[in-house]
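Values in this text are rule-based calculations from the coordinates and carry no lab data. All values derive from a computational prediction rather than experimental measurement. Here the Cβ is made from the backbone with ideal geometry for all residues, glycine too, and neighbour counts use every protein chain on show.
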Amino acid sequence: MLPENLKKELQDRIAAVDHPRELVVDVLFALQAHYGFVTDEAVEEAAGLLGMTPMEVDEVATFYTFVYRRPVGKYVIHVCDSVICWLEGGRSLQEYLSQKLSIAPGETTADGLFTLLPVCCIGYCDRAPAMLINKKVYGPLTPETIDQLLDELREAH
Amino acid sequence: MTAQVLFKNRHPDRIATLAEYRHSGGYEALAKVLADSSRQQVQQVLTDAVLLGRGGAAFPAGVKLSTVAADAPYPRYVVCNADEMEPGTFKDRVLIHADPHQLLEGICLAGFAVDAHEGIIFIRPEYEGAARILEREIALAEKEGLLGQNILGSGFDFDIIVHRSGGRYICGEVTAQLNAIMGRRPNPQQPPPYPTEKGLWDRPTVLQNVETLCCMPHIVRNGADWFKGLARTESGAGTKIFGISGRVRRPGCFELPMGVRLSEIIENHAGGMAEGSRFKACLPGGASTGFLPAEHYDIPMDFESLKQAGNRLGTGAIMVFDHRTCLVGVTLNLMEFFARESCGWCTPCREGLPVIRELLREIEEGRGKPEYVGVLKEMGRHLWNAYCAFAPGAAAPLESLLAHFADEVQEHIERKACPFG
Amino acid sequence: MIKLIIDNLRVEVPPGTRVIDAAEQAGIMIPRFCYHPALGAVGACRVCAVQVLEGSCRGIRMSCMIEAEEGMVISTTDEEAVAFRRQVIEWLMANHPHDCPVCDEGGQCLLQDMTVSGGHGRRRLPVKKRTHIDQHLGPLVVHEMNRCIQCYRCVRFYREYAGYTDLGVMGSAGRVYFGRRSDGVLESPFAGNLIDVCPTGVFTDRPSRFKGRYWDFERTPSVCIHCSLGCRVTVNTRYREVVRVEAAHDPQVNGWFICDRGRYGFPYASSPQRPRSARIDGRKSGVDEALDEAARRLSGIAQRHGSGSVALAASGRVCLETLGALTRFGSEKGWRGPFFRAGPRTAEALQSASKNLEEKISISLKDIEKSDFILLVGCDPVNEAPMLALSVRQARRRGAVVALADARSVQLPLDARRLALRPSQLTAALMRFAGKAVADGGAALSDRARGFLQACRDSRVDPAVDEQIDHLGLAARESRRPVVVCGTSAVAPDTPAAAANVARLLAAEGRKAGFFPVLPGANALALGLAGRTADHGAALREALEKGDVRALVVVETNLSELGFSADDPLLENLEALVVCDCLDSAAGRAARVFIPTQTVFEAGGTFVSAEARVREARPAFRGGTPVAQVSGGGHPPRTFSPDIPGADPLPAWQVLAALAREGTRVSADTLRKALPAPLCGAAPGKRLALPASAPDAFQPPEDPATAADGGLEVVVCEHIFGSEPLSRRAACLQELESAPRLGLHPGDAAALQLSAGQRVAVDCGRGVIEGEIEIVNEMARGVLLVPRLRGIDWHAAADGPLVVAVADIRSVKPNGES
Ligand SMILES: Cc1cc2nc3c(=O)[nH]c(=O)nc-3n(C[C@H](O)[C@H](O)[C@H](O)COP(=O)(O)O)c2cc1C
Ligand code: SF4
Ligand code: SF4
Ligand code: SF4
Ligand code: FES
Ligand code: FES
């Protein structure tokens, strides 16, 4: 169930636009922030708020990289696997991350902290090899910077 | 240092403020057109300046604006394409971070040129930072009467909103982007109708790349001839933001005259090739352009010259590969990208790309058979018959690999291993 | 016309024709997966590529996406076009399983055809096939997602064409998935069409799963008889059993599709319960013996009590031949009837609809798709005439205004303006609408029409809705092709005539206006034209009570439709009850003499649909008990005999001839000719030209606002699954039936102090209807909805909207006590 204040906030935003549908991704992001990922229930709630059918919302939700339809960890690591990062050793960094977190790409650590998702070029090729953690960019990466980052995040938690 | 136009206010460590932008002449163009220009005049100066779309397709911006008929229905929309998801491309991000108001003024000018009152910046989720900057600066501009109701007392209203994408490369394609904004699945939609006739919510919509829009205030303020004069070559116009990455010493974004030589970009601006590297090839304009072999190392980087060379300037995102880079590996990586990001609408792209990727993987990993080369050639050719420009974009590196680096491919097959280890 | 050249052939097509269609007209079938004439072109599959040699868009182009141009030159055999098409197939096959032998689409699969004809026979790609998890989609449709070639036809049909929301496409790239959000029964009653539109075996027919291949089946052109629309179907039979029914293309009527009632309603024909032998006084007998015995008894009764003491009962299920036999032998013998419908109200409604369907205003389903204003009066398309709903939807998609005046909370796969009105309010509302829909003056009108217009303008309705109606009328002024669709069950007796008059009035103004009736049964129009209004169930009941009728011959009719209950004591007054039917019914079991008849699949037959179109069903097989039943399910059959077992049933018209002692050799043709004009001239495929009947000078009905004061109008509601007598025997459809509940408006429920779930008994005079209350928000006030579903004894209210007093409604305990 959505908390009233979030629901109200979304309703207000929706009421302010001519075409509620254009907010579908925003609403999904908001629900994702609330639930941790876009649950089946969230899809239905989004549909209700936007005047769409749940199917229409899911058709959109399942399309996008940054809309998670399955549970993810607290920190989603989007590690770039596109050409420049690959060129700069991104593959071994990804393997390093995998090994360090003991998860395969696509998986979440047992403590629910980290999810590792390889993605396409994140637009920071000048900082290759690069990755995003919860949409914040890090790069150029080395095993050392990765160690440090993960430790910081673990500690912050 | 060559003339800095779009990067005039760029600082290494912070974004330019509204005051800085205004101090450098920012919003003068807007004030001028609001005071004394007609829509047609704005369209005309952009057409005369030969401002070609910087998003990859190189369509003349002035011409596009003028296809919105004078009696077209309202509301009309301007969409700023800040999706920038093509591997190797990051110039739009740098532009936004450098001087956000330049973009806002550009959008507003485009809006004036077609009598639109709403601008939408479509931005990829990876650029959340840039999205927030834009939202903040939009609010500031509104406060100073540079956006919103009754801009500079002219009676012209124009609002800009930031629309966050859910993240897919296909959303950069015009019609897919419009579908995305409308909350539909972002499959492209072949014209007719053209977006300038029936775009968002069936209303006239003009969509331009960030860099294209950023050029507009300068052209309006300084004139078409000035803009054309910025270019190094006869065939080019203006400056270009080149984003350079890969095996160079100093990857980054540089504003250089259109038509600057590739060699000059690499050597003078990107600090030369990386330690111990020799230039082998580059993708001159993003992942959907072809490999440009070393024989073109001195090519003038403008739309026309690259076309002459059988290639494209694309977005001007130069990805440099050295003599130790396996181009089969590069192409395999690119195909992985394209296969993953296909929208899934048409067969060549959805089915063809994964097959091509697998064939390249076989070759790269030493299981390639001689007949695969022919199969790949055929399939590359057939990609051109896809529904939208996505799959032909993927064909570009593939076909150029097979055309210019056939030996390298052959070597993989014969050695049953990647010669680069 | 546009002239172009395709593969060196000169082709002439109307402007706007797609190249793929132009080629087809010239006999060149260009491959296609995503293109479907009803769903349009989307350019997704890319298999229809051709080379444009001359024209505005030279090069390899998709023939579904380009229109024919004057002087265009097209090559479908061009080397590059062929190579590309072959490549498309190879790509699709890269992921498609290679197990056609276990796929039910095999033999009827577009992908299989294209793969073979495109010459793709050798795999040269070292790739793994992707796999998906299938979903359970209910009793009708099987889902095997691995077979998908992503042509998007299914979603385009389901969502865009049909307007249902629970099927879609999820994911992107090679991961796209066509299905529901989760397992579950498909909500659309048109879901079966997925089987026809899907070019591969993703969606296949569940009931006929693994029962045979396309080429094993005998395929016969036929017509659906599960409602009055007469959709064209193809019947597949094998081993003396109807295995599957598919939509057949009919551009004027059902287009490419049919509804699930029509597709899955057939199992009654091979039901093990189907009576296959005759019975005399409860004992099995040969058919000849039973016919003799019945004829003997009937003539005895006729001799003793006069020929008028023998009565015939019929329903919209009988074909034109049987109706001819009823008419001819009935009049020759002096028998009464045929009696049909429950009483004066429904009988008049049917006849006013039938007799008013003159040629000038009669329209087809296709015409409805092209209309720009549709007023639906007292009809529930999805439940009473399903494909009508899809036609209305196509009109709506093109921008037509759709309005709905009904007592029920009619659900449509489109948005419509709603007027919740009691049946007794409909006529006045319709007329008031017409008064507004005609712009002032009406100068071009005849005196008669002007008289009607005046009556319309004088018509008064409930002040609560008049503004809405006026609005609607004004909205209709602009329309060029307005249509009034009117039902015959949830309306006042004069509503259909009023609807026709409104259409005539609009037509008289020079518009292309139409009237489309929704009728009770596949051949109801013929029955309405041939029968007498006075011969209805209530009249029969009276005659039985008085002893005027001593023998009753029931022909392919469920007596509930005539307002009789299964164990009606009045039937015991009969000296002879003769029942001829292919169904196992209560009347059949009670019959003194029972004679089994053939189904439409065995006998064939002619029917006149609601749009006055003559529809022919050809015999699909010779009859007999299905081999599977005779052989105990084993294969091959181990029981041998010189005769076909279970083949006693005769066409109903032959039974009637035998009862009239005319022998069974009578020809179907002569029977049809025995019908009154214009039915006697019915030629398959043609539409009957019904004579013009002048608009009655209508008097607006009494102000109906008070009619139901102190009571409720009881409306019997037909459901798509569970109401129609033939299809309700299909087990797969029974799973989809709604729960039987009595519907009340929340306001009425509150006034009556009833709440959802409470059981009530409603005394309808002739019987008591008992059931659980359901609160229905969008329905009209002052109405009680009674579903025509098993578990509800609805026959007592069968004669249309009768009024019950509040005092007649009492709540009961679940076990039936007060
Ligand atoms: C698959 C695909 C992705 C694209 N992505 C982008 C993009 O991210 N940014 C962009 O500006 N143009 C992109 N384009 C080009 C746009 O379709 C369009 O041509 C451009 O945005 C128009 O603006 P311009 O004329 O100012 O360049 C893409 C095109 C295709 C086919
Ligand atoms: S080429 Fe086809 S599948 Fe690929 S992105 Fe374009 S439409 Fe989608
Ligand atoms: S399920 Fe069938 S109809 Fe739907 S996309 Fe796949 S192949 Fe086409
Ligand atoms: S709409 Fe009527 S005639 Fe058509 S298929 Fe359905 S039940 Fe049969
Ligand atoms: S390739 Fe990794 S950020 Fe561009
Ligand atoms: S039939 Fe033309 S693209 Fe599919």
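What the table shows:
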| quantity | calculated |
| --- | --- |
| Between segment C:575-602 and segment C:744-795, the alpha-carbon center distance in angstrom | 33 |
| Residues with amide H under 5 Å from that of residue C:373, placed H, sequence gap 5 or more | C:401, C:481, C:483 |
| Positive-end residue of C:802, C:752, C:765, charge dipole of segment C:712-812 with Cβ unit charges | C:765 |
| For residues of C:786-797, the mean tally of beta carbons on other chains within 10 Å | 0 |
| Enclosed volume per residue, in Å³, of the convex hull spanned by Cα atoms of segment B:239-322 | 67 |
| Inter-part distance where segment B:180-198 and segment B:30-65 are each reduced to a Cα centre, Å | 23 |
| Unsatisfied cross-links (Cα-Cα over 21 Å) in the set A:74/A:136; B:280/B:369; A:136/B:91; B:228/B:307 | B:280/B:369 |
| Share antiparallel - DSSP beta bridges, the protein assembly as shown, percent rounded to 5 | 55 |
| Neighbour-count ranking [beta-carbon atoms within 10 angstrom, fewest first] of C:91, C:256 | C:256, C:91 |
| Burial order of peptide ranges C:382-391, C:204-213 (average beta-carbon count within 10 Å, highest first) | C:382-391, C:204-213 |
| Overall Cα dimensions of segment A:4-63 - principal axes, largest extent first, Å | 26, 21, 15 |
| Within segment C:712-812, percent of DSSP bridges classed antiparallel, to nearest 5 | 60 |
| Packing-based exposure ordering (other Cβ within 10 Å, fewest first) of B:305, C:331 | C:331, B:305 |
| Cα-based Kirkwood hydrodynamic radius, segment C:1-88, one decimal, Å | 12.6 |
| Set of lysines with alpha-carbon distance to residue C:366 below 16 Å, sequence-local pairs under 8 removed | C:512, C:686 |
| Cα-centre dipole for segment C:2-92 with unit charges at Cβ (Lys and Arg positive, Asp and Glu negative), debye to 20 | 220 |
| Other-chain or far-sequence residues with amide H under 5 Å of residue B:157's (modelled H) | B:150, B:151 |
| Sequence-distant aspartates and glutamates (8 or more away, or on other chains) whose Cα lies within less than 12 Å of residue B:8 | B:20, B:99, B:255 |
| Exposure proxy order (Cβ contacts within 10 Å, fewest to most) of B:379, B:258, A:1 | A:1, B:379, B:258 |
| Dipole in debye (nearest 20) - segment C:348-519, about Cα centre, beta carbon charges: Lys, Arg +1; Asp, Glu -1 | 460 |
| Considering only chain B, percent of DSSP beta bridges that pair antiparallel, nearest 5 | 40 |
| Charge dipole (segment C:494-626, unit charges on Cβ, about Cα centre) - positive-most of C:610, C:595, C:538 | C:610 |
| Vicinal HN-Hα couplings computed from phi for segment C:367-378 (Karplus, 6.51 cos²θ - 1.76 cosθ + 1.60; Hz; Gly/Pro x) | 4, 4, 4, 9, 7, 10, 8, 10, 10, 9, 10, x |
| Top of B:276, B:26, B:286 by mean-square fluctuation, Gaussian network on chain B, Cα under 10 Å | B:276 |
| Positive-pole candidate from A:130, A:110, A:49, dipole of chain A, charges at beta carbon | A:130 |
| Local electrostatic count at residue C:25 - Lys and Arg +1, Asp and Glu -1, tallied over other residues with Cβ under 12 Å | -1 |
| Rg in Å to one decimal, and Dmax rounded to a whole Å, for the protein assembly as shown via C-alpha atoms | 37.0, 122 |
| C-alpha center-to-center spacing [segment A:1-49, segment C:269-316] in angstrom | 67 |
| Long-range amide H partners of residue B:230 with built H, under 5 Å | B:238 |
| With eigenvalues of the C-alpha gyration tensor scaled by 5 and rooted, segment A:54-157, Å | 23, 18, 11 |
| Choice from A:81, A:12, A:26 with maximal GNM fluctuation in chain A (Cα, 10 Å cutoff) | A:12 |
| Estimated 222 nm signal from helices in the protein assembly as shown, with DSSP H stretches of n ≥ 4 weighted -39500 (n - 2.57), rounded to 500 | -9500 deg cm²/dmol |
| Among B:273, B:216, B:182, residue whose mean-square fluctuation peaks in a GNM of chain B (springs only between Cα atoms under 10 Å) | B:182 |
| Calculated log₁₀ intensity ratio I(q)/I(0) where the Debye formula runs over C-alpha points of chain C, q = 0.10, 0.11 Å⁻¹ | -1.13, -1.31 |
| Segment B:55-205, dipole about Cα centre (Lys/Arg Cβ +1, Asp/Glu Cβ -1), debye to the nearest 20 | 420 |
